[in-house]
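Below is one structure, written out as C-alpha cells, with a few remarks after it.
The values are calculated or read from the model by the stated rules, or taken from the named source; none is laboratory data. These numbers come from a predicted model, not from an experiment. Quick reminder, even Gly has a Cβ in these numbers, built from the backbone with ideal geometry, and neighbours come from all protein chains shown. When the accessible area is computed, the model is the full protein with side chains, heavy atoms only, and any ligands, DNA or RNA have been set aside. Shrake-Rupley method; radii C 1.70, N 1.55, O 1.52, S 1.80 Å.
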Amino acid sequence: MKVKELDIDQEVIINVTPYKYKGIKKVNFTGIGKIQKIVFETNLGNRYDYKYFDINVGNKDLKEVDGKLELK
C-alpha cells in the first residue's frame with residue numbers, strides 16, 4: 001500500500017508514534033506561504049503534533065509490521 005492510498009484518519013506508525021492520516025492540505029509556512037503537504041496528526045495528551053511531508057512521499061510504500069502500517 002502506498003501513502004496516497006490511505007483513508008482519512010487511518011493510523012500509521014511514524015518514528016514509533018501512531019499518527020492519523022489527514023490527507024493533502026495547504027499548510028501556511030512563515031516566510032514561504034501556503035504549500036501543499038501530506039499531513040499526519042497525533043494527540044500527545046496535552047497537545048497535538050503534526051508531521052508534514054512533500055507530495056512525492058505519496059508514492060512511498062508503507063510496511064506492515066504486526067498488523068499496523070509503518071512509514072519509514
Conditions first: (1) at pLDDT below 95; (2) out of contact with any Ser or Thr (no Cβ under 9 Å at 6 or more places or on another chain); (3) surrounded by 12 or more Cβ atoms within 10 Å (Cβ to Cβ). Asn15 passes all but one, so which condition is the exception?
(3)
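In the range 21-42, what count of residues is obtained for those that are open to solvent by less than 90 Å² (accessible area, probe 1.4 Å) and either in contact with a Lys or Arg (Cβ under 6 Å, 6 or more places away or on another chain) or of a type outside the set (Ser, Thr, Tyr) (or both)? Steps first, please.
Just the residues of the range 21-42 that are open to solvent by less than 90 Å² (accessible area, probe 1.4 Å), to begin with: 21-23, 27, 29, 31, 33, 35, 37-42.
Checking the rest, the ones that are also either in contact with a Lys or Arg (Cβ under 6 Å, 6 or more places away or on another chain) or of a type outside the set (Ser, Thr, Tyr) (or both) come to 22-23, 27, 29, 31, 33, 35, 37-41.
Residues in the range 21-42 being open to solvent by less than 90 Å² (accessible area, probe 1.4 Å) and either in contact with a Lys or Arg (Cβ under 6 Å, 6 or more places away or on another chain) or of a type outside the set (Ser, Thr, Tyr) (or both): 12 in total.
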